[in-house]
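Enquirer: One structure, pasted below without further comment.
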Amino acid sequence: MALAYNTRRATADLDAIFEPKAAIYEAAQVVALEKGLPPAWLNDSVKGFLLGDDPQARVILNFPALVVAVASPRYLFVLKALASRPERDFDDLITLYALSEFNSAEEAIAYISYTLGNRPIAAKVKFTLLELFGSQKDLSKVANKQVSTPCGAWMPKAKTYCVLPKGHRPENKHRSSR
């Protein structure tokens, strides 16, 4: 979330998928010592939760020996929703819900169901989304929860604020109106 959508000023670690694993971990240890970071600041434990490739992933850095891509808002939304940790991920879910341009909790749940294929969605995931976003386009909880954001543009359809840096537009452009 910090790298892709600039939503947190500080994060305890960076979840990533990388190769060659041993060489990257060795380099990460050097960075940790130089910058005073915790030894496990870079980890690949997220790979156990991934749902396969993200066709909407966005490359943000592309060098001959290094490519950095970030997951799309919908992909991250599904992962955060499946984790169902509203006390920890409330702002992330709101941000990703808005960027994904869902219109109701039911629409978000249907997208998660589509993404998972035949796998069932846990009841706690459905309850979390219904609690956060309401039912049938009732987005008053989202509208009343102002997300701290460098962009600050109001997104009327999502009834929340943009969390991207000023001048940056999400994949589906929003209009700034207050």
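Enquirer: Using a probe radius of 1.4 Å on heavy atoms only, what accessible surface per residue do you get for the range 1-99? Whole Å² is fine. Don't jump to the answer; show the numbers that get you there.
Expert: On the way: 6160 Å² over 99 residues.
Result: 62 Å² of accessible area for each residue.
Enquirer: Answer rounded, prolate or oblate for the range 1-54, using the Cα gyration tensor with square roots of eigenvalues a ≥ b ≥ c: rounded when a/c is under 1.5, else prolate when a/b is larger than b/c, else oblate.
Expert: Details: a/c = 2.39, a/b = 1.17, b/c = 2.04.
Oblate, because a/c is 1.5 or more while a/b does not exceed b/c.
Enquirer: Pairs of lysines 8 or more apart, or on different chains, with alpha carbons under 27 Å: count those in the range 6-134, would you?
Expert: So the count works out to 9.
Enquirer: I need the Kirkwood Rh of the range 7-101: take the reciprocal of the average 1/r across all distinct C-alpha pairs and report it in angstrom. List each step's numbers first, then the result.
Expert: On the way: mean 1/r = 0.0667 Å⁻¹.
Here the Kirkwood hydrodynamic radius works out to 15.0 Å.
Enquirer: Still on this structure, I have one more. What FRET efficiency would be calculated for the residue pair L3, F127, taking the C-beta separation as r and a Förster radius of 22 Å, to the nearest 0.05?
Expert: 0.15
The values are calculated or read from the model by the stated rules, or taken from the named source; none is laboratory data. All of these numbers come straight from a predicted model, not from anything done at the bench. Cβ sites come from the backbone with ideal geometry, for glycine too, and all protein chains shown count toward neighbours. Ligands, DNA and RNA are excluded from the accessible area calculation, which covers all protein heavy atoms including side chains. Shrake-Rupley method; radii C 1.70, N 1.55, O 1.52, S 1.80 Å.
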